[in-house]
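Shown next, in structure tokens, is the structure this report addresses.
Each value in this text was obtained by applying a stated rule to the coordinates, not by laboratory testing. Treat the numbers as computed from the prediction; the structure is a model and nothing was measured. Positions of Cβ are backbone-derived with ideal geometry, glycine not excepted, and every protein chain shown enters the neighbour counts.
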Amino acid sequence: MSDDLFSRLFELFNQPGDVNLKLAAEVAHHLAGDHEPVDPWAAEEFRELTRLAEFRMAEAAPFPVDPAIDVLPVGGREWADRNLEGFRYVAEPFAKMMDLGDAGPAAEMLKPLGPAMVGMQIGTMVGSLSQWAMASFDAGVPIEGPVTFVVPTIERFSAAHDLDPKNVRLWVALNEVAHRAIYRVPFTKEHLIGLIRAYADTLRMAPQNLMEMMQGVDPTDPEAGLDPEKLASMFDTPETRTAQAELQAFLGLVAGYRQVLTRRAANQLLPDIERLDTFRDSERGLDDQAEASAFAPIFASAQSIAAGHRFCEEVERRFGLDALDSIFTQDGRFPTAAEIEDPVAWAARVLLGDIEPG
């Protein structure tokens, strides 16, 4: 190994903090691919569409819709570069995933492995998303800062399904505004973070396991990666599966409600909105490396979104619009994973509690 490579490895693995964001950036930047230019016209159009979406959403949503700080049309690589830091709060609960309890005197030497592993996995997630996401609503979790629309991906989606590009851009803007508004309800983001922490707490890996997996892997080559099947098997426990189910159910609920709000706000503007949702969800997925990551359950699956949407529609049909909206306007009313499949059970627990005795 050359001195330069050794120095680069030392620098990559010895970074401050619980999450090695430098290593994450290396991985994400590589997976994001080449820079894609964005036409200058996009900036003004997407700003106008976002303001229109905010106006319409403010009339449709049961909570405030704050205007975006700024609206930036970008390519996938720039989306990854701009938003990686915004995923830090998602990665931090996993910082204790590396269990150094039995490492003895070597614990201090092995300490960088935990932040490096978390960095590699969050970098893989962000890099994978950058090739597919149109905006942060596709990531499913809130990202602070300006709205960033991935214009080349939006254009490819329009072309692939022979859709009117203008309708697709408005649909994307409505979804992004709804997504951000939902997560600005304070207890919504707090609940998400609690579920992520509960899931992360079930994950533990002994350092020798990681070192065995990394044998023959060049850390400077993001394409090399870790064996997805071996990595996934380490996180397959009953406790982890239960925590994953609750996290996926909540992400699906938020995405399903986002679709409900988007359809309300798009009233008569987008007559083919159901087709747009269907097309998008049919494409939802990650590459094999990201799918095996410990972070994969933080990306809502198409099945979870469909279940969340069905739950929202069923609650509104059975119990009314106010009952549905109350889930996101009153704390403590989120359904469990089991209740997502049984709205009547949710109503028995939550709505009956609203009826005062006598």
- Query: Applying 1/(1 + (r/R0)^6) with R0 = 45 Å to the Cβ-Cβ distance of HIS35 and SER282, what FRET efficiency is obtained, to the nearest 0.05?
  - Reply: 0.95
- Task: Work out from phi, with θ = phi - 60° and the Karplus expression 6.51 cos²θ - 1.76 cosθ + 1.60, the ³J(HN,Hα) of each residue of the stretch 36-49, listed in order in whole Hz, and give x for Gly and Pro.
- Result: 10, x, 10, 4, x, 4, 5, 4, 5, 5, 6, 5, 5, 5
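Taking only Cα atoms of the stretch 235-295, what ratio of Rg to Rh do you get with Rh as the Kirkwood inverse-distance radius?
On the way: Rg = 15.5 Å, Rh = 13.9 Å.
Answer for the stretch 235-295: 1.11.
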- For ALA348 and ASP18, extending 7 Å from Cα along the Cα-Cβ vector and measuring point to point gives, in nm, a value of 3.9 nm
- The distance between the Cα centres of the stretch 269-312 and the stretch 234-263, in whole Å, is 11 Å
- Given backbone amide H placed at 1.01 Å from N, residues whose amide H is under 5 Å from that of LEU72, ignoring those fewer than 5 places away on the same chain, are VAL147, THR148, PHE149
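Summing +1 for each Lys or Arg and -1 for each Asp or Glu, what net charge is found among the other residues whose Cβ lies under 13 Å from the Cβ of PRO37?
On the way: positive: ARG77; negative: ASP34, GLU36, ASP39, GLU78, GLU155.
Net local charge, PRO37 excluded: -4.
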